[in-house]
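See below for the structure under consideration.
A short reminder: the numbers here are calculations on the coordinates, not readings from a lab. From a predicted model like this one, the values you see are computed outputs, not experimental measurements. Neighbour counts are summed over all protein chains in view; Cβ atoms, including those assigned to glycine, are modelled from backbone coordinates with ideal geometry.
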Amino acid sequence: MTNISINKLHEFRDHPYQVLDNEEMNSLIESVQQQGIMTPLIVRPLEGTTDEYEIISGHRRFRAAQKAGLAEVPAFIRPVSRDEAAIMVVDSNLHR
């Protein structure tokens, strides 16, 4: 696990799920402000870059961290292909 700058993270292109700014998000933002990110994001290296990443799991935590003003978030980096990452995106949301 490593800490990654918010500015180096990108949402998964064509992410099939919406991240809503609702009461649940407000609760998550409050939690992040008080306790930080409790569960690390899962990211993969973004093609064509040397130090940027695409989020596989943790889009809601990423948004909450942005809104809470965090500069970086904890993340696990997984060197997977785009197809493998797409399957992981769906799988992680089904388990949510």
Dipole check, the chain, charges on Cβ (K,R +1; D,E -1), about Cα centroid: among S57, V90, L28 the Cα furthest to the positive pole belongs to L28
Can you work out ³J(HN,Hα) from phi for every residue in the stretch 42-47, in order, using Karplus 6.51 cos²θ - 1.76 cosθ + 1.60 and θ = phi - 60°, giving whole Hz and x for Gly and Pro? 10, 10, 10, x, 7, 4
Using amide H atoms built in the peptide plane, which far-off residues or other-chain residues are under 5 Å from L41 H to H? A75, F76
Expected vector for the stretch 62-72, Karplus 3J(HN,Hα) from phi with 6.51, -1.76, 1.60 and θ = phi - 60°, integer Hz, x for Gly and Pro, equals 4, 4, 4, 5, 4, 5, 7, x, 5, 8, 8
Name the residues of the stretch 57-96 whose amide N is less than 13 Å from a point 7 angstrom out from the Cα of I6 along the C-beta direction? 61-74
Kindly write out, for the stretch 20-27 in residue order, the coupling ³J(HN,Hα) from the Karplus curve 6.51 cos²θ - 1.76 cosθ + 1.60 (θ = phi - 60°), rounded to whole Hz, with x marking Gly and Pro. 9, 8, 10, 4, 4, 5, 4, 5
Just check the stretch 1-47 against the gyration tensor rule for me: Cα atoms, a ≥ b ≥ c as the square roots of the eigenvalues, rounded for a/c under 1.5, and otherwise prolate or oblate depending on whether a/b exceeds b/c. oblate
Rounded to the nearest 5, what % of the DSSP beta bridges within the chain are antiparallel ones? 60
E72 and N93 label points (each 7 Å along its Cα→Cβ direction) are spaced in nm at 2.9
Once amide H atoms are built 1.01 Å from N in the peptide plane, which residues 5 or more positions from E54, or in another chain, come under 5 Å H to H? H10, R44, L46
Which label marks the calculated value of P(r) over Cα pairs in 10 Å bins from 0, in percent, given the options (1) 17, 51, 30, 3; (2) 13, 42, 33, 9, 2; (3) 15, 33, 29, 19, 4, 0? (1)
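K67: net charge of surrounding residues, Cβ under 14 Å, Lys/Arg +1, Asp/Glu -1, itself excluded? Walk me through the numbers on the way to the answer.
Values: positive: R60, R61, R63; negative: D21, E23, E24, E30.
Here the count lands on -1.
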